[in-house]
Every structure is written in structure tokens, then in C-alpha cells.
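Novice: Please find one structure pasted underneath; my questions will follow.
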Amino acid sequence: MRVYWHSDSLLHDPPHEILSGRLVTYLESPDRVKAIEGALEQSDAFEVIAAETDWPEDIKDCILAVHSKEYVEYLENIYSEWTAIGGDKSAVFPETFQHRSMQSFGSRNTNSMSPLAKPGVYCFDLSCPITSHTYRAAIASVRITLSAARYLATARNGSPHFGVFALARPPGHHTQDALCGGYCFLNNAAIAAKYLLEHHGSKCIAILDIDYHHGNGTQQIFYHNPQVLYVSLHADGDYPYFTGSSEERGSGPGLGYNHNLPLPRQRTTDDLYCDTLRKAADIIQDHAEVDYLVVSLGVDTYSEDPICDFLLTQACYPRVGEIVKSIEKPTLFVMEGGYHMETLGENVRGVLLGFEGRR
Ligand code: OKP
Ligand code: ZN
């Protein structure tokens, strides 16, 4: 299996975040990529490739098919605006949040706001500090994902379960059209889905989100869109707290194209997880029009993950890969979460080897 990565994705390295009120070392670290790459290089099943620097289609257009121009300009410029008025040089951090009850007094132009105010418009939590290199790293993450998507679309070898892995970082599934949060700045999986629809004649994409957390961003981006079927397994009632209920089923023409399968914290075992994943696979197979599968791959479902509460063992990951394989679609795996450094690489490798039928 081909694996795409890019060294620029390591540049995003904020010193800290706030977790449960505590200032802690940033959990979503560049070492995550190194750990995964290290584990994949131990197996001859993988070929690790640097995402090309000269992207032929305009990467900016691909991003703007998902995110608003104002939001992307914010990501690009806020660090220099913030430091110019004396903000801390290590990273931009939200100071306030524009709560919905503060939006009903006429809309101020965000462009004219203070650099101290803008993060409160474009960010929903305290896990997305923006450093001098964050934008460059987020662009690299998109480049990795699009390189892998293009390879999938152009080089697929006719095998029903052909797959490719985008070792993307920073992750993406929490980013909405104009809102970052949850370590995510640009929604890599959503950008890839749009790219396959618009540049490779795809009629319908399924996004299967198996990160522990609900992908509120991906759900929001495609909530009205019947061309993208979003199916998510995630912890019931955990971060990002306000989305992910099974009653969220899509809206307008997108009704019936959003499926949330929340699972109980502290009680989700290998068997319950795999049974639920098979239900997700059935939902996707019920949509015969799906021509590509994008998997938002998180392994923060692992029992020892420092911020999550499922009970999965390492033996579960090859089973997960086999179930994804059973969907029998050309598959783009895109890296999302997973924070237990000692097993992160092995667990990702387990999923991908299970998919390849190599265990
Ligand atoms: C990103 B991904 C919860 C703390 C939340 C942010 C978590 C982002 C997860 N106790 N902090 O979906 O793995
Ligand atoms: Zn997660």
C-alpha cells in the first residue's frame, strides 16, 4: 500500500493546550507522524512517498470548494496580525468566543475586528493554537491527502479493495466550513471527497469516520449534500459534545445521508465495536452509487488512549481493517486521531494490514 506524507506537516508544534482546565503539553504532536511512519517502515507491505510539491490542480481551489475564503485568509494571516499587536509569539489562542447569543446585534465585519477577537469567530475550543508554521503544515496535510486521492483515482488497479493511506497531520474532521477546533485546521477528508467528485467524475463518496470523536466538521460540511454519505462511529456524549446524536440524519436533499452511530464510553469492547462497524459497512453497501470510500482513521479508540474511554485491544485493529475491506470500494484512509504514543504506529499498521488481507 502506498503511504503519502510530507515533512512540512511536522512544522505545526504548539507548546501547549488547555485540557480539563490544565495547561498541558500539546498532545497532537509531530512525533505522532514519526511513530506511525516508523511502524509502517517495518513492514514490506508499505511504500512511503513524499507528497509532491508541485500539485498540478490548484490546491487553493480544492480547499475553497470546502472552506470559506475569509476562513482560509484568517488561518494564513492571523499569526502575523496577532504578533504585530503584541500577542504571545508562541501561538495565537482564543481569548473570547462569539457565543450565539452575542450574534444577534447585527453582524460586524470580521475583517475589521481586532486580532484578539478573530479567533473567537473562527475557532470553537482551546486545542487549536496557531503558530508561525501552522498554516504551512495544514496546507501540507491537504497536499498529502490530495496526492493520495489522486493516486487512488488514477492508478487503481481494478482490485475491489484497492487502498491508499494519507499520513496527514494536522488532522481534519472537526473543522467545519469556517471553524477550527479539536487539533484540526483544514478538513482533509472533506477536501478529498470534493476533489474526487469534482475532478475525477465521482457521483457519490462515502466517508466512514472511525475516530473516537464525532467528526462535527465533516458532518456540517456535507449535511445538505446527498453526494457525500457520512457515517460515523464515536463515543456518545464525549468531545465535541454538541454533535453526534443518531437523530442527526442530514437535511433537505441530504436527508438520509448522515448516519451517527454513538457508542457507550467505558463499555465499548472489540466485539461491540466490530458489530457496530459492520452496521456502518451495511449502510454504505446499501448505497450502490458510492464509488469511493474515504476513511477518517483514528485509533484513539484504543483502551489506553490518554483522552478517550473505549476498551479496544490491539487485536481489534486488523479486524477493523477487514471490515473496511468488506465494503469493497477503492479506499482512501486519512489519518485523524490517536494519542497513545507507544501503540499508535502498530494500531494504524494493524488496520491497514487487515485491509490488505495480510494481517
Ligand atoms: C481530535 B481528534 C477531551 C479534550 C478535548 C480536543 C480533542 C480533539 C480530538 N477530554 N480536546 O478527533 O482525535
Ligand atoms: Zn479523535
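Novice: Place +1 on the Cβ of every Lys and Arg and -1 on the Cβ of every Asp and Glu in the stretch 31-130, take the dipole about the Cα centre, and give the residue among V33, V72, M113 whose Cα lies farthest towards its positive end.
Specialist: M113
Novice: Heavy-atom accessible area per residue, the stretch 306-359, 1.4 Å probe: how many Å²?
Specialist: On a per-residue basis, 33 Å².
Novice: What size of dipole, in debye to the nearest 20, comes out for the chain about its Cα centre when the only charges are +1 on Lys and Arg C-beta atoms and -1 on Asp and Glu C-beta atoms?
Specialist: 360 debye
Novice: For the stretch 126-264, list log₁₀ I(q)/I(0) at each q in 0.09, 0.17 Å⁻¹, using the Debye formula over Cα point scatterers of equal strength and ignoring solvent, two decimals each.
Specialist: These q points yield log10 I(q)/I(0) values of -0.27, -0.96.
Novice: To continue, here is another question. Please list the non-local residues whose amide H lies under 5 Å from the amide H of I207, H modeled 1.01 Å from N, same-chain partners needing a gap of 5 or more.
Specialist: Under 5 Å from the amide H of I207 lie the amide H atoms of L229, Y230, V231, V294, each far enough along the sequence or on another chain.
Novice: Explain nothing, just compute: Karplus ³J(HN,Hα) = 6.51 cos²θ - 1.76 cosθ + 1.60, θ = phi - 60°, for every residue of the stretch 241-258 in order, whole Hz, x for Gly and Pro.
Specialist: 6, 9, 9, x, 6, 5, 7, 7, 10, x, 9, x, x, x, 4, x, 10, 10
Novice: Using a cut-off of 14 Å between alpha-carbon atoms, which aspartates and glutamates can reach K69, once sequence neighbours fewer than 8 places away in the same chain are excluded?
Specialist: D61, D177
Novice: For the chain, find the longest principal axis of its Cα atoms and tell me its angle to the long axis of helix 31-41, 0 to 90°, nearest 10.
Specialist: Once rounded, one gets 20 degrees.
Novice: Mind checking which lysines have their Cα closer than 19 Å to the Cα of K203? Skip sequence neighbours fewer than 8 apart in that chain.
Specialist: By straight Cα distance, K203 reaches K194, K329.
Novice: Here's a follow-up. Please check which bits of the stretch 237-257 a label hung off K279 would reach, taking the label as a point 7 Å along Cα-to-C-beta and the cut-off as backbone N under 14 Å.
Specialist: Under cut-off, by backbone N: 245-248.
Novice: How much of the accessible area of the stretch 80-194, probe 1.4 Å, is carbon plus sulfur, in whole percent? Don't jump to the answer; show the numbers that get you there.
Specialist: Numbers: 2280 of 4500 Å².
Heavy-atom surface of the stretch 80-194 belonging to carbon and sulfur, 1.4 Å probe: 51 percent.
Novice: Moving on. For the stretch 62-159, just say rounded, prolate or oblate: build the C-alpha gyration tensor, square-root its eigenvalues into a ≥ b ≥ c, call rounded for a/c under 1.5, and beyond that prolate if a/b exceeds b/c, oblate if not. The partial results should precede the final answer.
Specialist: Working: a/c = 2.91, a/b = 1.88, b/c = 1.54.
It is prolate, given that a/c is not under 1.5 and a/b is the larger ratio.
Novice: Another question about this same structure. With +1 on the Cβ of every Lys and Arg and -1 on the Cβ of every Asp and Glu, and nothing else charged, how large is the dipole of the stretch 201-359 about its Cα centre, in debye rounded to the nearest 20? Kindly include the intermediate steps, with their values, before the conclusion.
Specialist: On the way: 12 positive and 23 negative charges, 76 e Å.
Using Cβ point charges on Lys, Arg, Asp and Glu, the stretch 201-359 gives about 360 debye.
Novice: What do you reckon, how do M335, M1 stack up by accessible area (1.4 Å probe), largest on top? Please list the in-between numbers first.
Specialist: Numbers: M335 0, M1 25 Å².
Result of the area sort, largest leading: M1, M335.
Novice: Can you list the lysines whose alpha carbon is less than 19 Å from that of K325, not counting same-chain residues fewer than 8 positions off?
Specialist: Straight-line reach from K325, under 19 Å: K279.
Novice: Once you've got the GNM for the chain with C-alpha springs shorter than 10 Å, pick whichever of I59, I284, I205 has the biggest mean-square fluctuation.
Specialist: Ranking I59, I284, I205 by mean-square fluctuation puts I59 first.
Novice: Excluding Q285 itself, what net charge comes from residues whose Cβ is under 14 Å from its Cβ, given Lys and Arg +1 and Asp and Glu -1?
Specialist: Values: positive: R278, K279, K325, K329; negative: D282, D286, E289, D291, E328.
Charge balance near Q285 sits at -1.
Novice: Ordered by residue, what ³J(HN,Hα) values in Hz, to whole numbers, does the stretch 3-10 give under the Karplus form 6.51 cos²θ - 1.76 cosθ + 1.60, where θ = phi - 60° and Gly and Pro are x?
Specialist: So the J values, rounded to whole Hz, are 10, 9, 8, 8, 5, 4, 5, 7.
Novice: Add -39500 (n - 2.57) for each DSSP H run of 4 or more in the chain, then divide by its residues: what number comes out at 222 nm, to the nearest 500 deg cm²/dmol? Each step should come with its number before you reach the end.
Specialist: On the way: 10 runs with 121 residues, N = 359.
Here the helix-only value at 222 nm equals -10500 deg cm²/dmol.
Novice: Here's a follow-up. Most mobile of C184, C274, C128 per a Gaussian network model of the chain (Cα springs, under 10 Å)?
Specialist: Its mean-square fluctuation being the largest, the pick is C274.
Novice: To continue, here is another question. L312's amide H: which non-local residues (gap 5+, or another chain) put their own amide H closer than 5 Å, with H modeled 1.01 Å from N in plane and none for Pro or chain starts?
Specialist: Here S303 satisfy the definition.
Novice: Just by accessible area at a 1.4 angstrom probe, what is the order of Y122, Y79 from largest to smallest? Write out the running numbers ahead of the final one.
Specialist: Details: Y122 20, Y79 45 Å².
Highest to lowest solvent-accessible surface, that is Y79, Y122.
Novice: Which one of H6, L312, T268 has its Cα pushed farthest toward the positive end of the charge dipole of the chain, where Lys and Arg give +1 and Asp and Glu give -1 at the Cβ?
Specialist: The residue sitting most towards the positive pole is H6.
Novice: Using a ≥ b ≥ c from the Cα gyration tensor of the chain (square roots of the eigenvalues), is it rounded, prolate or oblate, where a/c under 1.5 gives rounded and otherwise the larger of a/b and b/c decides, a/b for prolate?
Specialist: On the way: a/c = 1.40, a/b = 1.38, b/c = 1.02.
Rounded is the answer for the chain, as its axis ratio a/c remains below 1.5.
Novice: Another question, then. Would you kindly derive the ³J(HN,Hα) couplings of the stretch 297-302 from the backbone phi angles with the Karplus curve 6.51 cos²θ - 1.76 cosθ + 1.60 (θ = phi - 60°), listing them in order in whole Hz, with x for Gly and Pro?
Specialist: 9, x, 10, 7, 6, 5
Novice: Between N258, N77, N188, find the one with the highest GNM mean-square fluctuation for the chain; connect C-alpha pairs within less than 10 Å.
Specialist: Judging by the Gaussian network model, the answer is N77.
Novice: Rounded to the nearest 20 Debye, what is the dipole magnitude of the stretch 166-294 about its Cα centre when Lys and Arg each give +1 and Asp and Glu each give -1 at the C-beta?
Specialist: 200 debye
Novice: Now, a different point. Tell me, what % of the accessible area of the stretch 288-359 is carbon and sulfur with a 1.4 angstrom probe?
Specialist: Working: 970 of 2200 Å².
The nonpolar share, carbon plus sulfur, comes to 44 percent.
The values are calculated or read from the model by the stated rules, or taken from the named source; none is laboratory data. None of these values were measured; they are calculated from a predicted model. Backbone-built Cβ (ideal geometry, glycine too); neighbour counts: all protein chains shown. Surface areas here come from the heavy atoms of the whole protein model, side chains and all, with no ligands, DNA or RNA. Shrake-Rupley method; radii C 1.70, N 1.55, O 1.52, S 1.80 Å.
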